[in-house]
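Structure, as structure tokens:
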Amino acid sequence: MKPDLFEAPDYYNLDELLSDEHKLVRQAARDWVKRDVSPIIEEYAQKAEFPNQIIKGLAEIGAFGPYIPEEYGGAGLDQISYGLIMQEIERGDSGVRSTASVQSSLVMYPIWKYGNEEQRKKYLPKLASGEWMGCFGLTEPDHGSNPGGMTTNFKDKGDHYLLNGAKMWISNAPFAQVAVVWAKNEEGRIHGLIVERGMEGFSTPETHNKWSLRASATGELIFDNVKVPKENLLPNKSGLGAPLGCLDSARYGIAWGVIGAAMDCYDTALRYSKERIQFGKPIGQFQLQQKKLAEMITEITKAQLLTWRLGVLRNEGKATSAQISMAKRNNVEMAINIAREARQILGGMGITGEYSIMRHSMNLESVITYEGTHDIHLLITGLDITGLNAIQ
Ligand SMILES: Cc1cc2nc3c(=O)[nH]c(=O)nc-3n(C[C@H](O)[C@H](O)[C@H](O)COP(=O)(O)OP(=O)(O)OC[C@H]3O[C@@H](n4cnc5c(N)ncnc54)[C@H](O)[C@@H]3O)c2cc1C
């Protein structure tokens, strides 16, 4: 892979909206991605393997629980810092960002928000340091966009719960020590349970042959009469709103993250367009290539403004789930379109692993589907503005 020469575009001087702390946090993440991710990520994506050696570095830049209070090992940062960390990591690779998103928003967040003090103290510091990795089991083979229909269930057996069912498409599953699993009790109410590797009847087979997020490990969670200690139930929130609350936090991170992927594609294509000579001129001098580049920077700038404002609303505790859906949907589509256009600017070179663009392009095909599909987010906006539910 070519050396990482990334320079971040900031067409509207948005850095003026950031605090010194935001910029320091971003710089640390950017430097780490250049040093520890860019040189190895193409190789790991090609061999479809998660690079375990980067876990420590992810913890050090605050990617595991950026906004979780320091008393639990988190970085205690605000929502804009959280977003900027996700942006920088996804600039390197969406699969690496997925690992961090799951750990922070889908594992640490529910333990912090819905767990009790013993659970927080037992799990959060180890998850923040990367000593333990976590995964989040919501999706099932027959229930993706409709998680409320889940059939994974647990029964009260007096001194423990008995858990049965299966989850699929679970990021980090093959190596996670801890799984936050959503299952129905005997009354059909959804609860979160913390399931640990090693519990009898719990297995995590890996999903192979993905063309997307190849550097992120994906798998199933199988529960065959797993005895879960009663103290592993998250006591402070139940119902579908509990997992959806985690998804709000993760989707917000995605809205920032994909800007990173888009910026990397734009920056690569801009540089290439000035270096590649055809018909005696740099291809960037042809109007058709300038149109692509001008539209890319326009869309990146709009996405940056959207997420920055959403970050301010999140810091004030005012962002709605529907606002987060809009940003996730808009920004992922923006990034996927930019990756496709950038690939064309590189001609044949664009399909090779010499450059990051094709990998970003393929990764974004998962990002547009997970954490609520593109269609479902549109329907959430539709529901929000009309008050009429077209989802079910
Ligand atoms: C790489 C990867 C990693 C993932 N990681 C995790 C994870 O860590 N944890 C987890 O729990 N899940 C995870 N997922 C699962 C992901 O969230 C689901 O794939 C997603 O929610 C969609 O579910 P589905 O694939 O079953 O598609 P379906 O729900 O079957 O949807 C298929 C199509 O139908 C459309 N559709 C569905 N319902 C409607 C409707 N009401 N109106 C109009 N159109 C509709 C969808 O938009 C989509 O286009 C991951 C997925 C992938 C690909």
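I need every pair where a residue in the stretch 366-382 that is under 14 Å from Trp169 (Cα atoms) and free of Cβ contacts under 8 Å to residues at least 24 places away in the same chain has its Cβ under 9 Å from the Cβ of a residue that is within 6 Å of the ligand (Cβ to nearest atom) and part of a loop (DSSP other than H, G, I, E, B), sequence separation at least 6 or different chains. Listed pairs, sorted by first residue: Thr369/Gly144.
Conditions (1) over 23 Å from Met263 (Cβ atoms); (2) polar (S, T, N, Q); (3) in contact (Cβ under 8 Å) with a residue 40 or more places away in the chain; (4) not in a helix (DSSP H, G or I), marked per residue:
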residue: Lys56; (1), (2), (3), (4): yes, no, yes, no
residue: Gly65; (1), (2), (3), (4): yes, no, yes, yes
residue: Ile68; (1), (2), (3), (4): yes, no, yes, yes
residue: Gly76; (1), (2), (3), (4): yes, no, no, yes
residue: Ile85; (1), (2), (3), (4): no, no, yes, no
residue: Gly95; (1), (2), (3), (4): no, no, yes, no
residue: Ser98; (1), (2), (3), (4): no, yes, yes, no
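Quick grid of which residues meet (1) under 18 Å from Pro235 (Cβ atoms); (2) over 17 Å from the mean Cα position of the chain (by Cα):
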site: Ser129; (1), (2): no, yes
site: His143; (1), (2): no, yes
site: Gly149; (1), (2): no, yes
site: Asp159; (1), (2): yes, yes
site: Ala166; (1), (2): no, yes
site: Ala173; (1), (2): no, no
site: Ala183; (1), (2): yes, yes
site: Glu187; (1), (2): yes, yes
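Residues that are at positive phi and near the ligand (Cβ under 7 Å from one of its atoms) within the stretch 357-392 comprise Glu371, Gly372, listed in sequence order.
Just one of the listed residues (Leu124, Leu163) is in contact with a helix residue (DSSP H, G or I) (Cβ under 6 Å, 6 or more places away or on another chain) and over 30 Å from Met1 (Cα atoms), namely Leu124.
Checked against (1) surrounded by fewer than 22 Cβ atoms within 10 Å (Cβ to Cβ); (2) touching a residue at least 60 places away in the same chain (Cβ under 8 Å), Ala339 meets all criteria but (1).
Name the strands (runs of 3 or more DSSP E) wholly within the stretch 140-251 that hold at least 3 residues that are within 17 Å of Leu106 (Cβ to Cβ), among the aliphatic types (A, V, I, L, M) and within 12 Å of the ligand (Cβ to nearest atom)? Walk me through how you get there before you give the answer.
On the way: elements: 153-156, 160-171, 178-184, 190-196, 218-229.
Because the criterion is at least 3 residues that are within 17 Å of Leu106 (Cβ to Cβ), among the aliphatic types (A, V, I, L, M) and within 12 Å of the ligand (Cβ to nearest atom), the strands (runs of 3 or more DSSP E) in the stretch 140-251 that meet it are 178-184.
Selection within the stretch 196-222: residues that are under 23 Å from Gly353 (Cα atoms) and small (Gly, Ala, Ser). The member of this set that is surrounded by the fewest Cβ atoms within 10 Å (Cβ to Cβ) is Ser212.
Could you please let me know if Ile89 is crowded, with 24+ Cβ neighbours inside 10 Å, touching a residue at least 60 places away in the same chain (Cβ under 8 Å), away from the ligand (no atom under 14 Å from the Cβ) and under 30 Å from Asp264 (Cα atoms)? So that I can check it myself, show each step before the final result.
Details: crowded, with 24+ Cβ neighbours inside 10 Å: yes; touching a residue at least 60 places away in the same chain (Cβ under 8 Å): yes; away from the ligand (no atom under 14 Å from the Cβ): yes; under 30 Å from Asp264 (Cα atoms): yes.
The answer is yes for Ile89.
Against the test of being farther than 19 Å from Trp256 by Cβ and out of contact with any Lys or Arg (no Cβ under 6 Å at 6 or more places or on another chain), the options Arg343, Arg329 yield a single qualifying residue, Arg343.
Would you mind finding the one in Thr151, Thr139 that is surrounded by fewer than 17 Cβ atoms within 10 Å (Cβ to Cβ) and touching a residue at least 12 places away in the same chain (Cβ under 8 Å)? Outline the logic, then answer.
Details: Thr139 fails: surrounded by fewer than 17 Cβ atoms within 10 Å (Cβ to Cβ).
Just a single option satisfies the conditions, and that option is Thr151.
Bear in mind that the values in this text are calculations on the coordinates, not laboratory data. Small disclaimer: the values here were computed from a predicted structure and weren't measured. Note that each Cβ is placed from the backbone with ideal geometry, even for glycine, and that neighbours are counted across all protein chains shown.
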